[in-house]
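Comments concern the structure below.
FYI, it's all coordinate maths here, none of it is from the lab. Every value quoted in this text rests on a predicted model; they were computed, and no experiment measured them. Backbone-built Cβ (ideal geometry, glycine too); neighbour counts: all protein chains shown.
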Amino acid sequence: MLTEKRKIIRASITYLIVFAVAFFLGAAIGVKPLSALKEKPVPEELPAKSGETSELKPALEVLNYIRERYVKDVPTEVLIRGAINGMVQALEDPYSVFMEPEEFEDFMISVNGSFEGVGLSLDVDEETGSVIVVAPIEGTPAHKAGIRPRDRIVKVDGVELKGKSLDEAVRLLRGKKGTKVTIYIERPGVKELLKYELVRDDIRLKTVKWDVIEDGIGYVRISSFDSYTPEEFGNAITALQQKGVKALVLDLRDNPGGALDAAVRVADMLMGKGLVVFTRDRYGHKLEEYYSDDASLELPLAVLINENSASAAEIVSGALQDSGRAVLVGKKTFGKGTVQELVPLSDGSGLKMTIAKYYLPSGRSIDGKGVEPDVEVSLGKTESSFEIPRSKDGQLKKAVEVLKTKL
């Protein structure tokens, strides 16, 4: 059973986006890799701090001057909304977003697991500002069409994404089941602009697949983490044990993340007693600590990771590495380790704001750094872990080779 010690200054419901489950493009609005969403009650009106009144005076002067002298009549509400958006954008943080009431309502629905879209996990390239694909969700329209990790989305239904925020891109891609959307993509190594015509669908995630691959070695792939993943994972482990497997490969490649609680519960089944992950705020204060109990899977374990393993996938792989429970095989992970808090506002709008970072048991930060594999193995630049045949999967072969030395 999972045990948990929390030092929390806010009552919260903790999720990771992804993007995750609200992380999934077309299925939800704007959660990126390794973002924990923490739901907060509507805040009471706070007294102004010393000096705030004078700091706000120029803003009020501009507001009044626009209302009195601007050539057109602009509703005050529009001006206030613009000011709020400006404050959030001034943070220069793609993971902090102000949402209008309708957007916020849709976002909360998506967090609770109702999805209609194309099934992509997105992020923003911090150097170029481009909207990029972290991973397609297996079995969704985007995955079936052949969209790949690291594809850059440049246009949706004729609307250029240059200058658009991640949430604006998501709103263009999401929509009712059965409606069509056209996506234009730039792919590394491909000169031509790629065009995909997709039909939106319900995004229902079956996050765990399992098999026995060779010589009594079990294989489990987790494509993302949601509230059902621990149960699915537990069932997979039980089925593999019944088949008498002697070792296990856990495949977290191209896993964009998901619910933090689910990730911790999966780690708890594997690693034995110990710290799984903790968070710190900007002052260095520890906010949360998550622990696993004594029980663990008594099998040699190898974990596959790559540059598109993000969020909860990095927490699980990093915790297993730090505890010495598993050998990590593949490439360095994505490197997203921030926490976003959801704040519903009095008029139904909401704020999603970065409030903390995640740290692995050893104390190392995930954010911007990722998790390094113990054994580095690359796939070809054009090869996706979703598509490569098992017989040609060099990373999987290496994981099996490592495990055989432990049998």
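Between residue 83 and residue 67, the contour length at 0.36 nm per residue exceeds the alpha carbon distance by 4.4 nm. Counted by neighbouring Cβ atoms within 10 Å, the residues 283, 184, 95 run from fewest to most as 283, 184, 95. Counting every other Cβ atom within 10 Å of each residue's Cβ, 288, 314, 383, 214 order from fewest to most as 214, 383, 288, 314. As a proxy for reagent exposure, ranking 343, 375 by other Cβ atoms within 10 Å from fewest up yields 375, 343. Nearest-5 percent of antiparallel DSSP beta bridges in the chain? DSSP beta bridges in the chain are roughly 70 percent antiparallel. Using a Förster radius of 25 Å, what is the FRET efficiency between residue 212 and residue 295 based on their Cβ-Cβ separation? Nearest 0.05, please. Once the sixth-power term is evaluated, E becomes 0.60.
For Kirkwood radius over Cα pairs in Å, the value calculated from this model appears in (1) 35.2; (2) 21.2; (3) 22.1 under label (3). Of interest is the spacing of the C-alpha centroids, which for the range 318-334 and the range 171-222 amounts to 25 Å.
Here the gap between residue 182 and residue 152, fully extended at 0.36 nm per residue and compared with their Cα-Cα distance, gives a gain of 9.4 nm.
In debye, nearest 20, what is the charge dipole magnitude of the chain about its Cα centre with +1 on Lys and Arg Cβ and -1 on Asp and Glu Cβ, if you could check?
Details: 56 positive and 62 negative charges, 177 e Å.
Once rounded to the nearest 20, the dipole reads 860 debye.
Between residue 378 and residue 231, the contour length at 0.36 nm per residue exceeds the alpha carbon distance by 49.8 nm. From helices alone, the chain scores -8000 deg cm²/dmol at 222 nm; the rule is -39500 (n - 2.57) for each run of n ≥ 4 DSSP H residues, then divide by the residue total. Remark: relative contact order (the range 116-202) = 31 percent; criterion is Cα-Cα distance under 8 angstrom and separation of 6 or more residues.
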